Amino acid sequence: MKRSRLLLIFGGMAVAAVVAGVITAFVIASRGSDAAPSPELLATVEAGAKTTNARLTAQAGTATAERATESATYKVKLGTPIPVDSLQPVTLMFCEPLREPGGGTQVAVIGYEAQVVYRPGGCQPDIDASGAITVRNKDGSIGRVTPTYLAKRDIFSPDNFVWTPAKGTLNGTQVVMTGRYLQQNAQVEFDPLEEPIVTFQMTDDGQQVFGSLSERLIGYPIATFLDGVPVRGTHGQILAPTIQAKITSDGQFTGLPLDAAKRLAAIIANGLAR
């Protein structure tokens with residue numbers, strides 16, 4: 001919100017500067033002619049410039065106040081729960097990059113010309129015995145491609161990764177990290193730039209599962225899928241932060257549009273994430 005206000009104010013100032021520049025150019029051009037402008041003309045031009053600047057300043061102030069009211073309204077709305085009836089249970093799954101066979105460190109990627117087709121409800125790709133995966137091509141057709149395996153440092157976008165369910169350990173058994181391991185206390189907050197953040201906490205079992213998988217995946221990105229679709233940020237990019245250290249109790253989703261943040265928080269808080 002703050003950035004919007006600043007852009008709006010600077011935009012108003014730019015318009016005022018352009019108007020003032022046109023008026024100044026007119027005065028200078030008049031002074032350069034054979035006949036000097038009369039005092040009455042100069043007084044009229046100066047009065048017009050003052051009136052224009054005053055009007056634009058007032059408009060910018062009004063727009064800023066409206067933006068502030070809008071921001072306050074958003075924060076009020078965040079306290080209003082989204083009706084549970086408007087939301088259906090969903091599969092919320094944490095996903096890690098598919099790695100090369102045999103447990104190597106390189107990860108699977110495909111080009112931008114195709115999208116991985118995941119099995120319904122999650123991030124499990126369809127892989128045949130040869131290692132080829134099912135993809136949807138740009139023309140909508142379905143085919144199979146063999147992914148390329150690269151060191152993670154050579155991959156620039158999470159949209160190129162082939163994802164697979166992230167697994168941790170619960171009482172000695174390997175399980176997939178899903179929404180069932182999150183407490184029902186997710187909420188939307190705002191960072192210093194007034195961008196939304198979804199905060200959440202793990203259950204006791206979730207601390208084991210996420211703690212073990214995050215410790216194993218330090219240095220690797222991790223994504224989140226809702227019903228087989230990756231959660232994306234404000235610019236359409238897959239949200240996949242790199243794990244820097246072992247995480248057990250608290251987590252955050254950042255980079256989400258406000259509507260998406262509210263929906264995700266409501267899904268978790270109402271126990272709809274399976």
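The values are calculated or read from the model by the stated rules, or taken from the named source; none is laboratory data. Note that the coordinates shown come from a computational prediction; the quantities given were computed from them, not determined experimentally. Cβ: placed from backbone, ideal geometry, glycine included. Neighbour counts: every protein chain shown.
Structure values in brief
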quantity	calculated
Test result for F210, hydrophobic (A, V, I, L, M, F, W, C), closer than 22 Å to Q124 by Cα and part of a strand (DSSP E or B)	no
Among the residues listed as G219, G179, the single one being at pLDDT below 95, within 17 Å of E96 (Cα to Cα), surrounded by fewer than 18 Cβ atoms within 10 Å (Cβ to Cβ) and assigned by TED's automatic domain parsing to the domain that holds L258	G219
Residue satisfying condition, being closer than 25 Å to E113 by Cβ, assigned by TED's automatic domain parsing to the domain that holds T105 and free of Cβ contacts under 8 Å to residues at least 24 places away in the same chain, within set D139, D159	D139
Check on V229, in contact with a strand residue (DSSP E or B) (Cβ under 6 Å, 6 or more places away or on another chain), without any contact (Cβ under 8 Å) to a residue 60 or more places away in the chain and in the same structural domain as E194 (by TED's automatic domain parsing)	no
Test: residue in the stretch 167-178 that is within 26 Å of H235 (Cα to Cα) and assigned to a strand (DSSP E or B)	yes
Unmet requirement for E194, which otherwise passes all of (1) outside any loop (DSSP other than H, G, I, E, B); (2) under 22 Å from the mean Cα position of the chain (by Cα)	(1)
Which listed residue is within 24 Å of P89 (Cβ to Cβ), among the aliphatic types (A, V, I, L, M), without any contact (Cβ under 8 Å) to a residue 40 or more places away in the chain and touching a helix residue (DSSP H, G or I) at 6+ places or on another chain (Cβ under 8 Å), from V175, V188	V175
Restricting the stretch 242-274 to residues that are of a type in the set (D, E, K, R) and assigned by TED's automatic domain parsing to the domain that holds S157, the residue that is nearest to P97 (Cα to Cα)	K246
Selected residue (criterion: nearest to R274 (Cα to Cα)) from residues of the stretch 98-149 that are among the acidic types (D, E) and loosely packed, with under 12 Cβ neighbours inside 10 Å	D128
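Matching residues to (1) in a loop (DSSP other than H, G, I, E, B); (2) outside the structural domain of I238 (by TED's automatic domain parsing); (3) at pLDDT 70 or above:
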| position | (1), (2), (3) |
| --- | --- |
| T62 | no, yes, no |
| T69 | no, yes, no |
| Y74 | no, yes, no |
| Q88 | yes, no, yes |
| E96 | no, no, yes |
| G102 | yes, no, yes |
| T105 | yes, no, yes |
| Y112 | yes, no, yes |
| C123 | yes, no, yes |
